[in-house]
Structures are given as C-alpha cells and as structure tokens.
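The values are calculated or read from the model by the stated rules, or taken from the named source; none is laboratory data. What you are looking at is a predicted structure, and each value in this text was computed from that prediction instead of being measured. All Cβ positions, even for glycine, are placed from backbone atoms using ideal geometry, and neighbour counts span all protein chains on display. These area figures cover heavy atoms from the full protein model, side chains too; ligands, DNA and RNA do not enter into them. Shrake-Rupley method; radii C 1.70, N 1.55, O 1.52, S 1.80 Å.
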Amino acid sequence: MRRFIADIGPAAALAMESCVHCGRCAEACQFYVQTNDPRYTPIHKIAPLKQAYERELGPFAFVYRLFGLAPQVTAKELESWQALIYDSCNMCGRCSLICPMAIDIADLVERARHGLFEAGLVPADYLGALAEKEQATGSPYGLTQAQFRDMLHDIGLKHGVVMHVDEAKADIIPTVSSIDLKMFPASMAAIARILNHMGVSWTFRTDGFDADNAALTAGDRAGQRKITLGIIRAALACGARTVVMPECGHAFTEMRWEAANSFGQALPFRVVQITELLAEGLSDGRIRVNPGVGERATYHDACQLSRRGGASAAPRLILRALGVDLREMGDAGDANWCCGGGGGVALVKRAQPLRDLAFQIKRRQVEATGAGTVYTSCSGCRQTLEHGGKTANWTSTVASLLERVADTLAHNQKD
Amino acid sequence: MPEDHRMPDHTETLGAALVRHGIGRRDLLRFALAMTASLALPPGIAPVMAENLARAKRRSVIWLSIQDCTGCLEALLQSSSPTLESIIFDFISLDYQETLMAAAGSTADRMLWDAVAANKGEYLLAIDGSIPVKDGGVYALTGGRSTVGIVEALAADAKAVLAIGTCAAYGGIPKAYPNPTGAVGVEDLISGTPIVNIPGCPPMPDVLSGILVYFISFGRLPALDERKRPLAYYGTTIHDRCYRRSFYDRGQFAQSFDDDGARQGWCLFELGCKGPITHNACASLKWGGGTSFPIESGHGCLGCAEPNFWDAGSFYTSLAGGSPTGWQNASMAAAVGLAGGAAAALLARDKADPDPEETPP
Amino acid sequence: MTLLEFARGPALQASALIMIAGMAWRMAGILLLRRRPQYAASRHSLARRMGGGASLILSRFIPRRTFWPRIAVGVMLSAVFHLGLALVFFGGAPHILLVHQATGLIWPNLPKGLIVMASGLTLAAMIALIVRRRLHPVLRLLSTADDYVSWLLVFLPVLTGILLSGEAIGDYGSLLTLHILSVEALMIWLPFGKLMHSVLVFAGRWTMGVTFARKGAAT
Ligand code: SF4
Ligand code: SF4
C-alpha cells in the first residue's frame, strides 16, 4: 500500500490529521445532498487512505502499528471502496469549502485514486478509455500525430479557417481536450479563428495537444506526467510564451498548478485557460466582438476553474463584452455546484444514476434563472449538462463560451 | 491556669468550684447554652449539661509535649481573660505538664506514673507535638526513655487521647519534608484507645474547651468525622463560613495585598488563601476572644489545620494554580516532542514516493 | 500527600509536560514531512498569499451563507459549546490565575455568575451534541472511539467545574481534586486525539488559505 501514501507532504498530512467528524462536508456534497446516504460523506470516501496514512506515515504511526489500531488496508477493502472513490466524487472541492478544519478533501480523493490505480482497481471504463487511446494509437492521446494533423486540416477546411499546425516557432500553443476531439470539433475551429483574429503567432502541436488528461482523474500518476511533460516539451520546442488550456477544468488544474512541479522547475511560459485569454484580448482590444442585445443566459462555473482555479472573473467579463444578460445561478462562482460529471465521474457508466441525481441540483438552479442558454467553459461540463438536459427534457441549450466568442468576432480583417 | 500546684482535690465537684469563684447556677446554665451552640447540640440539652457539669468531678489529664513548639499550649494559656472556660481548664486536674509543673527530673517522673496508677482507664492523655519514630525513637527522650514507648504505655491506660495541634494530629511541621526524625501523629502510632484530633497550628482554645466540657458533662467524646475531628468544629471549611465569601461568589479577587481589591476586602483566593480546603472553626469562633481571624486581618488562610499543610506549596499560590511547570521543564518536553516528531517525519519521508523527477516518463 | 496535592503538584506537572511533548511531537511529525517546492507561477505575491492564509483562518469561523440551511443546528450547537468553553476557560478567575502562575500572563476575569451560566450552556450544548452524534447517520458513520473519549474528557471538567462552583455535592476540596484531575486527563489526551484540532485548525486553515490564494481562489 506504499503507493497510497506516496507524495504526502505537510499539507496532505494536516488534512489527514484534522478531521473532527463534524459531518458538515456531507452537506456540501451533491451526492449526499441528493441521496442522504451517509456513505457519500466526503471524508468517509477517503477512509482507506487515512487508515494507510495513520499506519505508515502519521506522527504516531508506530503506536498505531504496535496496537493494531490501523490494520493494513486489504485489497478487498479497497475494492469495496472503488465505487465511492471513483463514482461519487467529482473532485469539485465544494466540501473543501465548508470544512471548518479546511481539509482539502478533493485533493485527498485524488491521492486515494493514486492508491486504487496502483492496486489495479481503477474502474474498467477508465482503463478502457486510457488503454484504448494508448493501444489503438501508441500515443496517450488516442490519436497519432498524423491523424491529428489530418483532423485539424479537415476542421480548418470545413469551417473555413486557417489552421496553423506544427510550425517550428510560435508564441501561443493552444491545446485541446479529447472531448473536443470527439464531440466538439467546432471548438478547435473557434480557437483558431480567434487566434487568427488576434493576429498572434500560434500553432497547434501534434506532439503535445491533448490536455484533457484522463490519467489525472484515474489516479495514474505516471500517465498524468507523461501527458503533461509531452505538452511542456512541445511548447519548449517552439519557444512558446503562452500555452492555452482548452475548455476543460481538470486540464487547467493539471497544467496550471501541477505541471511545473512534475517538470521540477518553473515553466518558461505562462499557462492560461482559454477564458482568461479571451478576457485579456477583450480588455486590451486585440479581440473585438459585435455585442448582441438581450440574450438571456446563465453561466455554469467549472469547479476547477472557479473554486479551485481562481478564474471566475474572466468568463463574466467575456459575457459582459458579448452584451449577454447574465442571470447568475445561486452559489455562482466559488460555491457553485458541480455538473455531476467532474472528476472523471462522467467516464464511469455505472455512475450514471448517481450523476443524474446530482444533475437535478443544476437543473433546478438553471431553471430558477429563467435563462435560455447555459454557457460553460468546460467541455466536460458541457457534455454532462447536455446529457443531463436530454434525460430531463430540458429546454435550455448548453453552449461553449469559446464558440460563442468566435461566432461574434467583429469581421473587419482577414481570418 | 493553676496557681497552686498542690495535688488537687479530686472529690470537689465543678459546681462547688464555681461557687468558690462566685459563679452561680444561672451563669452555668447560660454557659451551657453557649456550649451547646458551639458544639452544635440541640439547645434543649443545655440544662442537662449544666446539671452534669455542676455534679462533675475533677478529671485527671496527663499532658505530654513531644516534638512541639509550645505554641499550642501558649495559645490555650493566652486564650482569654478569666472566663468560665479558663475556670474549667483550672478545674481539670492537670496532673502532668512538663512546661507548667513545678516539679522536675525524677520527681516529675514519679508524679506522672502516680497519676497514671491512680486514674487508670479514666484519665485523658493530651499530646502536643509529633512523635519521632525514626531510629528507634531516639529523637525525643524523657529521662533517657524514648517517648514512643511512653506514649504507647500512657495511651494504653487512657480513657481517650487528645491529639492537640496539627503536629500531634498529623505530624505537622516536624513531619514536613524531609522529615528527618520520622515524625508521625498520634493516630499513626496508637490504636485501641479513642483519639480526638484537634488540628490547628495552633488549635483554637475554644475547641479544646468545648471538647472538655462535653467530655466532663457526658463522660464520652463528641461526634467525630473521618479524620477523628469533632464534627461540630471541623465539619465546615473556613471558606464556608468566611465573611468574604460573597466576593468569591462574584469573582472579585484581590490580586495583591495592597491593591484596591484588597482594600475593599475582596476575596483572598488568588493570593493563596487555603480557606476552601481547610476545616476549622476560625471563621466562626475567631481568635482572641472572638476578635478576628487571619482572613479578617487581610491574609489568606494557611490551611494549618490540614494534614501536610507545610508541604502543600506556597502559602501564596492559589488553590487553582498548582506548582507551575517551569519553563525549563516545558522546553525540555517540547524538545523531546520535537525530536520524536522529527524522527517520525524523517522515517515517513523514506516511505513516501521518490520524487517524480527521479522517474522520468 | 493527599490526592489534591498530588493533583495540583506532580500530576499537573506531568500532564502539562506530556501535553507539551505530545503536541510538539505531533506537529513536528506533520510539518517536517517532505515538502515539495511549488514551481507553478502564483497568481499572487507572497504577501497576498499570507493574507489568504490569515483570511481563511477567520472566514472559516462562519460558514458561507449558502451552507447555513443545511448545517445551522450543528453549527449553532458547536458555537455555543466552543464559545461557552472559551468564556469559561479564559474568563474564569481560577483559570486565569493558573495561566498566570504558569506563564506570567494575566487578564481581567469575568464575574462568577456569568461563568457558571456559560458552563451551564456549554454542558447543555455538549449533551445535545453527543445525542446528535448518536442519532445523525453521517455522524454515526464518522464517529470513532476518539470522538467519545474526547467528548467525555471535555465533559468531565465542565461538569466538575460547575459542581465546584456551586459546591453542590461534596466539599470544595474533593470537587477541586476531581476538577483538576479531569482537566489533567484532558491535557494528557489532547495531543493524541481529535482535541488536537484546537491547534491543527489554525495550521490547516492557514495552509489552505495560502494554497487558495496562490491559485487566486476565494479564501
Ligand atoms: S469534491 Fe465534490 S463530489 Fe467530491 S466529495 Fe467533495 S463535494 Fe463531493
Ligand atoms: S467537514 Fe471537515 S472536519 Fe467535518 S467531517 Fe468533513 S472533513 Fe471532517
């Protein structure tokens, strides 16, 4: 069970030591709130991790071992915990917001997944997703470089936009998420259009493009770093000054906050999420849009971008610039409710009933705004919301903020 | 106290003796009433007590002073101007008291054993001072004989033993750390004979007279608590009866002996008053003929009537505060803790994963 | 040596030393684990990050408005309990004196009536909390022996303290002895169980505050 407790430093140890069993975290978590099942209490989900920590790492570990207070976590126990750790946590960190002891439970869940992954207990769906990519293509992205190149050119042709692919030097490297590749290719056209509009030097790199990083939520630390380092190398190779993260929450978390640590030094370029780039461009005039009037919409925060990423302001600035009549949901911004699919839960098929339950909260919230459109900046959220909307006979449409900006660009120059 | 040192007449009744002093029956009754109050007896018993007192014969009392400072005796002698109590003290037949008796040496010794022989089983044995038992009891000898043996012999034939003062009751100051003489109280040495502890350093004279009056009137000892103290006097604490109690209840405490609170008569708890754990009658009977008691004169109770009061920390340390843990000890403890925790953390570091940088993708 | 002397003397010393050593041990064992350098570019300066730590320490005392409807009961009970305990500990004259003698620090005390009232409320809140712990499914699931031991070891000093203040049953000396002994039991247990949260809460909140400020997230 070594892997379980790997990489635990003072912050995680503090989190592990502090819980006062007050139960508040349950009241912040959509899975408990919607089911009233105590097993969905956030801190309970990481119980095996805590047990392993107490046994192996804690300041009084020797006492725990001596008196058998924290027995070795058995494979069987772990197995029984799999569903809790993978199916019923979005790593959304809402519980981390309520905890009076400021325990970052979402972070602990990520660590718990490391342990389960090492023990071979990652849900089959995940393995499927990961292995499929690797085996089918020999690349962790599920596409070979050549396939990706062809795909991009096709998209460019189809959408009438000039694509920059694998250029030797470029200032800006946009990345994409595998969900975009599969479901929302228009978003790649959108980013190309906007970057062209801005008149910057940019290029897609087929040697580092898929930032989605399912390995992170799977708990596959090696895979996670492999993908991340791939992107870093690609950016270094063309001397990029900015790497743009796509509309994807976990991709941003990984690249913005973790990549440099995997790399072992500060990154020589900056990492921004696409909304941050758009907001910047709109503010400094490099992006000009034709604002509309009276579009009534709401915005769904991706947890990793708002609560956990500090990028709540950018999308709102964009929506203002677009002239959208923004009707905020309750708890918008830092305390938002997850769509229900975050943290890879969307990947696990058997979690669907649970996911749908969680989605009810979102649905109520969106309906309360009376908005016709829900914008979001995470294709994971987008996919989950669309899916949930379909099952719930939703009348609102779900849309990408990026695509919305691309569609509204003021056309006074060649793209 | 005795002005004439001839052997007293054991047949004279107390009533007759009082008449000799010009004290009549009504005075005696008033005295008996006061005594019943002091002894916490029902007042209806006063006439009986007066009657019994009037008829009472002299009682032989043998008084041994061992490891004492004479403070107890002094307090009793200085108790007050001639009162009924003092006459009753006079009335008892103090057959042996080394400090007071004129006789000395072998004469005194002979008087002692004569009195014992004459009153076998009837006399009261009063002891002040503790008894040193270490090294065969060599630290207090009378006529070359260890007082340990003398006390044992005298107690065996006594009707009861009165352990007067904290030393006789519990060992007192001689027993304080490091107790070089192995001092003990009477109850540690004697069994088989009833013992009355009258602790206090010194004990209150009124308490002794109360016990004597009771004993003389009823021929037995008053009710005692589990520490063999007369319940009537030791049943409550100083704190229970303290006139500053209302300040305690309001949380108004003097912080030093000359601050505003002290001047306004606030509670002395924080200045180390031991009243809350001290069982004695000072706060109600008071000293100097009902004049005052330590707290009334501005100083906390020392707790002198409790066992081991001398070793119970500073007189000026509040009951709430224990002996403070020195900074030195505290830092030592912190250092030990830090070292242990650091060792645990370092061991744990080894268990943690190697740095990701070390396992290139 | 009477029990009271033992309680006030060697026992107090020993339990204070155990508490200090235990707390130092536990904190060192946590804080000296390998710390990974953070290479990701921070959104905020070091000063703002520290500010974030401080701000989160404060802000977590009162839950966000949105959470209240679901947690009000627990929060209020725990608030009464914690505030009551703080009032009694920091406002009670004998307690101040104890701290004064141990450290030299001193501050004015509150009237005894108020202290007695606060301890009464504390006691009531504690009873409600333990009942709730037994009844609420989430709390039942989370609770371990630690929770009950810690509860008891806080409950006893409060209870004996109240009895002591009124000298309701028994005399001052024996009640004081029980009170002191119960506090010592608490002190000895403090570093090893959940009561340690009295220290960890600050370290934990600080850590999260700094991390969140680094990311520009709300503290
Ligand atoms: S991170 Fe989100 S989904 Fe996971 S336990 Fe916490 S609140 Fe629930
Ligand atoms: S809210 Fe925090 S302290 Fe309370 S039970 Fe959950 S993790 Fe533990």
* Asked: How far apart, in nm, are two points set 7 Å out from the Cα along the Cα-to-Cβ line at residue C:45 and at residue B:264?
  -> 5.0
* To do: Sort A:79, B:51 from largest to smallest accessible area, using a 1.4 Å probe on the heavy atoms of the protein chains.
  => A:79, B:51
* Roughly how many Å² of residue A:54 are accessible to a 1.4 Å probe, to the nearest 10? -> 40
* Structure fact -> Once normalised by the length of chain C, the mean sequence separation of its alpha carbon contacts under 8 Å that are 6 or more apart gives a contact order in percent of 39
* Asked: How high is the relative contact order of chain B, in percent, counting Cα pairs under 8 Å that sit 6 or more residues apart?
  -> 13
* Of A:182/C:215; B:351/C:215; A:45/A:362; A:45/A:349; A:45/A:226, those spanning more than 21 Å from alpha-carbon to alpha-carbon -> A:182/C:215; B:351/C:215; A:45/A:362; A:45/A:226
* Structure fact -> For region B:238-354, the per residue accessible area (1.4 Å probe, Å²) is 44
* Chain lengthening between residue A:284 and residue A:327 when straightened (0.36 nm per residue, less Cα-Cα) -> 12.9 nm
* Asked: Around residue A:220, what is the net charge, scoring Lys/Arg as +1 and Asp/Glu as -1 over all other residues with Cβ under 10 Å from its Cβ?
  -> +3
* For residue B:224, list long-range residues whose amide hydrogen, built 1.01 Å from N in the peptide plane, is under 5 Å from its own amide hydrogen. => B:231
* **Inter-label distance, nm, simple model (7 Å from Cα along the C-beta direction), residue B:291/residue B:114** => 3.9
* To do: Give the accessible area for residue C:188 in Å² (nearest 10); use a 1.4 Å probe, count only protein heavy atoms, and leave out ligands, DNA and RNA.
  => 70
* Taking 1 over the mean of 1/r across every pair of different Cα atoms in region B:58-231, what Kirkwood radius in Å do you get? -> 16.0
* To do: Starting from the Cα of residue B:138, step 7 Å along the direction of its Cβ; do the same at residue B:16; then give the gap between the two resulting points in nm.
  => 5.1
* For region B:105-144, how big is the tail of P(r) above 13 Å, as a whole percent of Cα pairs? -> 66
* Structure fact -> Going residue by residue through region A:173-185, the Karplus relation 6.51 cos²θ - 1.76 cosθ + 1.60 with θ = phi - 60° gives ³J(HN,Hα) values, rounded to whole Hz and with x marking Gly or Pro, of 10, x, 10, 10, 10, 5, 5, 4, 4, 7, 10, 10, x
* Asked: Shielding of A:332-340 by partners, i.e. mean partner chain Cβ atoms within 10 Å per residue?
  -> 2
* To do: Consider all pairwise Cα distances in region A:2-121 and report the whole-number % of them above 23 Å.
  => 26
* Bin width 10 Å, alpha-carbon pairs only: give the P(r) of region B:270-348 as whole percents, running from 0 to the bin holding the largest distance. => 16, 31, 19, 13, 12, 7, 3, 0
* Rounded accessible area of residue C:194 (nearest 10 Å², 1.4 Å probe) -> 40
* With a ≥ b ≥ c the root eigenvalues of the C-alpha gyration tensor of region B:107-201, is it rounded (a/c under 1.5), prolate (a/b larger than b/c) or oblate? -> oblate
* To do: Relative to the longest principal axis of the C-alpha atoms of chain C, give the angle of the C-alpha long axis of helix C:145-166, reported between 0 and 90° and rounded to the nearest 10°.
  => 40
* **Relative contact order [Cα under 8 Å, 6+ residues apart], region B:238-354, whole percent** => 22
* **Residue-normalised accessible area of region A:282-407, given per residue in Å² at a 1.4 Å probe** => 37
* Pop the C-beta distance of residue B:327 and residue C:106 into the FRET formula with R0 = 25 Å and round what comes out to the nearest 0.05. => 0.90
* To do: Any chance you could get the radius of gyration and Dmax over the Cα atoms of the protein assembly as shown, in Å?
  => 42.3, 140
* Asked: What Kirkwood hydrodynamic radius do you get for chain A when you take the inverse of the mean 1/r over all pairs of distinct Cα atoms, in Å?
  -> 22.0
* **Exposure rank, largest accessible area first [B:351, B:57, A:158, B:228; 1.4 Å]** => A:158, B:57, B:228, B:351
* Of the DSSP H helices in chain B, those whose Cα atoms cover at least 18 Å axially and whose Kyte score averages -0.5 or more -> B:25-38, B:105-118, B:205-218, B:327-351
* Just tell me how shielded A:101-112 is by partners: mean number of partner chain Cβ atoms within 10 Å of each residue's Cβ, no decimals. => 3
* To do: Please list, in chain and number order, the residues 5+ apart from residue B:126 or on another chain whose amide H is under 5 Å from its amide H, with Hs placed from the backbone.
  => B:62, B:63, B:64, B:162
* Net charge dipole size for region C:1-159 [Lys, Arg +1 and Asp, Glu -1 on Cβ; Debye, nearest 20] -> 980
* Asked: So if R0 is 56 Å, what FRET efficiency would residue A:124 and residue A:293 give, r being the distance between their Cβ atoms, rounded to the nearest 0.05?
  -> 0.65
* **Rounded, prolate or oblate (a/c below 1.5 giving rounded, otherwise prolate when a/b exceeds b/c) for region A:126-281 by Cα gyration tensor** => oblate
* Structure fact -> On the accessible surface of the protein assembly as shown, probed at 1.4 Å with all protein chains in place, carbon and sulfur together account for a percent value of 60
* Structure fact -> Checking rank on A:296-309, B:16-29, B:186-199, B:271-284, with mean other Cβ inside 10 Å and highest first, the result is A:296-309, B:271-284, B:186-199, B:16-29
* Structure fact -> Total charge of the residues flanking residue C:127 in space, meaning their Cβ is under 12 Å from its Cβ, with Lys and Arg +1 and Asp and Glu -1, is +3
* Structure fact -> Result for interface chain A to chain C, accessible surface buried in total, 1.4 Å probe, Å² to 100, stands at 4700
* To do: Taking amide H positions as placed in the peptide plane 1.01 Å from N, state which residues far from residue A:165 in sequence (5 or more) or on other chains have amide H under 5 Å from it.
  => A:204
